[in-house]
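Worksheet for the structure shown next.
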Amino acid sequence: MGTATHAIQFAPPATVNGKINLVGLSRPEIITALKDYSLPGFRAKQLWHWIYHHGVIHFEQMNNLSKDVRYLLDQHFVISRPSVSRSLHSTDNTRKWLLKMVDGQEIESVYIPEEDRGTLCVSSQVGCTLTCKFCHTGTQRLVRNLSTAEIVGQVLNARDQLGEWPSPQDGRLLSNIVMMGMGEPLYNYDNVAKALTIVMDGEGISLSRRRITLSTAGVVPMIERCGAELNVNLAISLHAVHNELRDYLVPINKKYPIEDLLQACRNYPGASNARRITFEYVMLKDVNDSTAEAKELVRLIRGIPAKVNLIPFNPWPGAPFERSSDESIRKFSQIVLDAGYASPIRTPRGEDIMAACGQLKSDSIRQRREQQVVSAIAAAINQS
Ligand code: SAH
């Protein structure tokens, strides 16, 4: 399966300028860290509330702690998130943030407001090893896992940007999370699981697992663990109904073919009509969009409580595919609907800021490459 196992497991340590970053630590870890400075365990509860309910970043704002405690904390700890190096606002109000991490790497997260919800699309890795043929992120070479702090930090940053502190109970701007940004979340399971546990904690950000969706291209052995431990909503990037085509479009299929993937879906705990598994299916003109394929799709997923999310292909420079016509998308969708499955067509969001599905790729890399070209031309001119 080639590159898919090459993910560098490294994620930066949880320190910033020699101080421990409290963001991304579990409650027991915070208690242990505080003990080293003779601070009692109940302080962890207070800190948690300040960090994840109030969104504060300075200890001096924690007005139920004494001056001495605040000073001590400030000496040894930080509350840090990745810094925003670029912020883009689409005409459809989608927002994209380019976030810089302590080692200089950059990732993107995207906020998509809708009438009844606001969804944050969160990244799990810098780049991606899956090399799905239609995805721009997969063409980015450098890959490393994000730390728990960097994953949680994306949620904190979005809340900062939306001005949504303290965490409201109802009517939230940020009400849903989809692990559908850059990377394969199940290749960075430990950090993703820990981050989602923090995000779901009832005394902090407090998002219910029903409002969190994890999308995977099909790391079959991890799907079961995800179901048992997190039991968030599951989305599967299916994109093809025959192994031959899926091997090509989504190369991880060579390792975990369609039958195994669907079996893992059938076993996913809590899959019911109220909590359907989402199958994502990118519509590629004359590649996977025939009515025969729509019929095969509904045959394959029979018996699985599911909905099929049709994603019109979002083009990127140099992409070897075209978006299916509206007519073939409509026909495909109708067949799925007639078989009794909801079949929403995902309206591309944030296309003008390259924030739509599969378009995420760090701008810095693009800029660096442009800079390399400029330098190469300059060198060539100098030599001639
Ligand atoms: N690695 C995970 C998480 C990424 S989710 C996964 O594969 O599920 C991003 C979703 O957008 C996936 O369904 C992906 O297949 C889809 N996608 C990627 N490139 C796209 C493009 N150019 N147009 C439309 N959808 C795309």
Out of the residues in segment 274-298 that are of a type in the set (Gly, Ala, Ser) and not in a loop (DSSP other than H, G, I, E, B), which is farthest from the ligand (Cβ to nearest atom)?
Ala292
Of the residues in segment 19-36, those that are outside any helix (DSSP H, G or I) and closer than 21 Å to Leu196 by Cβ number 6
Does segment 198-210 contain at least one residue that is hydroxyl-bearing (Ser, Thr, Tyr) and either over 17 Å from the mean Cα position of the chain (by Cα) or part of a loop (DSSP other than H, G, I, E, B) (or both)?
yes
Matching residues in segment 314-326 - criterion: being outside any helix (DSSP H, G or I) and either away from the ligand (no atom under 15 Å from the Cβ) or of a type outside the set (A, V, I, L, M) (or both):
Asn314, Pro315, Trp316, Pro317, Gly318, Pro320, Phe321, Glu322, Arg323, Ser324, Ser325
Looking for whichever is part of a helix (DSSP H, G or I), in the same structural domain as Lys96 (by TED's automatic domain parsing), surrounded by 15 or more Cβ atoms within 10 Å (Cβ to Cβ) and of a type in the set (Val, Ile, Thr) here; the options are Ile304, Ile329, Ile311. Which one fits?
Ile329
Kindly check whether there is at least one residue in segment 259-273 that is crowded, with 18+ Cβ neighbours inside 10 Å, within 12 Å of the ligand (Cβ to nearest atom) and in the same structural domain as Phe332 (by TED's automatic domain parsing).
yes
Would you be able to tell me the number of residues in segment 52-98 that are of a type in the set (Gly, Ala, Ser) and at positive phi?
1
Given the criterion of a type in the set (Val, Ile, Thr) and touching a Leu at 6+ places or on another chain (Cβ under 9 Å), identify the matching residue among Val126, Val143.
Val126
Of His49, His53, the only residue that is under 23 Å from the mean Cα position of the chain (by Cα), over 30 Å from Gly127 (Cβ atoms) and part of a helix (DSSP H, G or I) is His53
Output yes when any residue across segment 93-105 is within 13 Å of the ligand (Cβ to nearest atom) and either touching a Cys at 6+ places or on another chain (Cβ under 7 Å) or outside any strand (DSSP E or B) (or both), and no when none is.
no
Is segment 49-65 home to any residue that is among the aromatic types (Phe, Trp, Tyr) and surrounded by fewer than 20 Cβ atoms within 10 Å (Cβ to Cβ)?
no
Can Glu115 be described as modelled with pLDDT under 95, among the charged types (D, E, K, R) and not in a loop (DSSP other than H, G, I, E, B)?
no
Extreme residue, nearest to the chain's Cα centre (by Cα), among residues of segment 174-197 that are under 15 Å from Leu120 (Cα atoms), outside any loop (DSSP other than H, G, I, E, B) and more than 12 Å from the ligand (Cβ to nearest atom):
Ile177
Members of segment 228-244 found to be surrounded by fewer than 21 Cβ atoms within 10 Å (Cβ to Cβ) and more than 17 Å from the chain's Cα centre (by Cα), listed by number:
Ala228, Glu229, His242, Asn243, Glu244
Scope segment 337-347; condition under 27 Å from the mean Cα position of the chain (by Cα) and surrounded by 16 or more Cβ atoms within 10 Å (Cβ to Cβ); matching residues
Tyr341, Ser343, Ile345, Arg346
The residue that is farthest from the ligand (Cβ to nearest atom), considering only those in segment 198-222 that are surrounded by fewer than 21 Cβ atoms within 10 Å (Cβ to Cβ) and polar (S, T, N, Q), is Ser206
Per-region count, segment 130-173, residues in a helix (DSSP H, G or I) and modelled with pLDDT of 95 or more:
15
Would you please list the contacts, defined by Cβ atoms under 6 Å and residues six or more apart or on different chains, that run from a residue in segment 119-144 that is in contact (Cβ under 8 Å) with a residue 12 or more places away in the chain and within 17 Å of Leu238 (Cα to Cα) to a residue that is within 12 Å of the ligand (Cβ to nearest atom) and in a strand (DSSP E or B)?
Phe134/Val282
Which condition number does Lys133 fail, the rest of (1) more than 13 Å from the ligand (Cβ to nearest atom); (2) among the basic types (Lys, Arg); (3) surrounded by fewer than 20 Cβ atoms within 10 Å (Cβ to Cβ) being met?
(1)
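The values are calculated or read from the model by the stated rules, or taken from the named source; none is laboratory data. Predicted model, so just to flag it, every value in this text is computed and none were measured. Every residue, glycine among them, receives a Cβ derived from its backbone with ideal geometry; neighbour counts consider all protein chains shown.
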